[in-house]
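The values are calculated or read from the model by the stated rules, or taken from the named source; none is laboratory data. Quick caveat, the model's predicted, so the values are computed rather than measured. Counting neighbours? That spans all protein chains shown, and the Cβs are built from the backbone with ideal geometry, glycine included.
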């Protein structure tokens with residue numbers, strides 16, 4: 001079996017599909033995971049001993065190249081294609097599908113049941129090929145940020161730093177950026193998902209850069225915090241030290257079988273003890289892979305358990321509105337001990 005056939009087999013077995021049943025999804029990351037197809041329009045049906053990928057004429061050659069181990073149908077009438085191509089008449093449909101899509105299938109004589117995504121749990125554990133892609137993406141991310149940080153100058157605009165960083169990903173062999181890079185300087189560093197703008201970095205600014213390269217469809221994610229043109233002020237060094245200690249505590253808690261909520265607690269409790277509970281405003285991390293945010297989520301309320309070979313981020317932060325913020329983030333493989341893939345120095349480094 002190819003790895004995609006093996007993944008489809010695992011889904012069939014996990015769902016215990018009967019001979020007259022098929023699983024249907026329109027979720028593109030799920031389809032990429034199960035077939036290798038990376039186009040922007042597709043529907044996948046997985047049944048007992050049979051799979052069918054439906055896409056449109058733009059992707060005829062691409063689908064044939066990427067999906068040699070599954071039947072491909074080129075047809076914009078998806079419901080009609082499934083009605084013609086499937087022997088199964090009972091469909092379990094990914095609940096992220098639209099009501100109109102489900103209704104179209106019912107009008108073709110299918111009986112339908114919507115189910116919660118059955119592939120997320122399978123995708124959580126990465127195989128050797130996935131880990132190689134993630135390792136490469138993380139290495140490129142760390143190298144690119146190190147290179148760009150060395151060239152930052154006072155007055156450079158946030159957006160300029162972001163675009164130069166993303167160009168460096170490509171120069172080092174990445175396929176794309178994993179997500180739009182976050183570059184926040186001065187008071188903008190206290191905005192966790194700040195969009196880089198026209199502000200020029202100034203002497204004494206905290207500078208938060210959250211970025212990632214993408215390789216073979218797999219996303220890296222890393223954040224480092226710098227200080228611009230000066231040694232850090234006492235308050236900047238203090239909150240950076242708290243975040244660094246919290247992040248290390250979170251990483252040390254990562255191991256197979258650990259509750260995801262325990263990783264959040266290990267990091268968050270350090271920040272709470274430092275008196276900054278209200279300044280840590282997001283979860284401690286998330287899974288990464290074919291999506292930048294995927295299962296498991298690391299938060300107070302998470303019910304997930306970490307599995308050997310899952311890949312997650314650990315990213316606590318402290319954000320002081322109007323003054324500045326610090327976040328430190330690494331991409332980590334769940335193992336014993338945990339393996340950090342983004343190996344750039346975490347120190348509060350001076351740039352510019």
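What the table shows:
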| read-out | value |
| --- | --- |
| Of the criteria (1) closer than 21 Å to residue 50 by Cα; (2) within 32 Å of the chain's Cα centre (by Cα), which one residue 116 fails | (1) |
| Selected residue [crowded, with 19+ Cβ neighbours inside 10 Å and modelled with pLDDT of 95 or more] from 31, 74 | 31 |
| Any hit, region 68-90, residues being within 19 Å of residue 127 (Cβ to Cβ) and touching a helix residue (DSSP H, G or I) at 6+ places or on another chain (Cβ under 7 Å) | yes |
| Count of region 110-133 residues which are farther than 16 Å from residue 44 by Cβ and touching a strand residue (DSSP E or B) at 6+ places or on another chain (Cβ under 8 Å) | 9 |
| In region 176-212, the residues that are surrounded by fewer than 19 Cβ atoms within 10 Å (Cβ to Cβ), over 24 Å from residue 294 (Cα atoms) and touching a residue at least 60 places away in the same chain (Cβ under 8 Å) | 187, 203 |
| Residue list for region 293-334, filter: touching a residue at least 60 places away in the same chain (Cβ under 8 Å), under 20 Å from residue 216 (Cα atoms) and surrounded by fewer than 18 Cβ atoms within 10 Å (Cβ to Cβ) | 309 |
| Which listed residue is surrounded by fewer than 19 Cβ atoms within 10 Å (Cβ to Cβ) and touching a residue at least 60 places away in the same chain (Cβ under 8 Å), from 56, 69 | 69 |
| Residue check, residue 143 in contact with a helix residue (DSSP H, G or I) (Cβ under 9 Å, 6 or more places away or on another chain), surrounded by 14 or more Cβ atoms within 10 Å (Cβ to Cβ), within 27 Å of residue 181 (Cα to Cα) and at pLDDT 95 or above | yes |
| Close pairs (7 angstrom Cβ cut-off, 6 or more residues apart or separate chains): assigned by TED's automatic domain parsing to the domain that holds residue 272 and more than 17 Å from residue 204 (Cα to Cα) in region 224-247, modelled with pLDDT under 95 and not in a strand (DSSP E or B) anywhere | none |
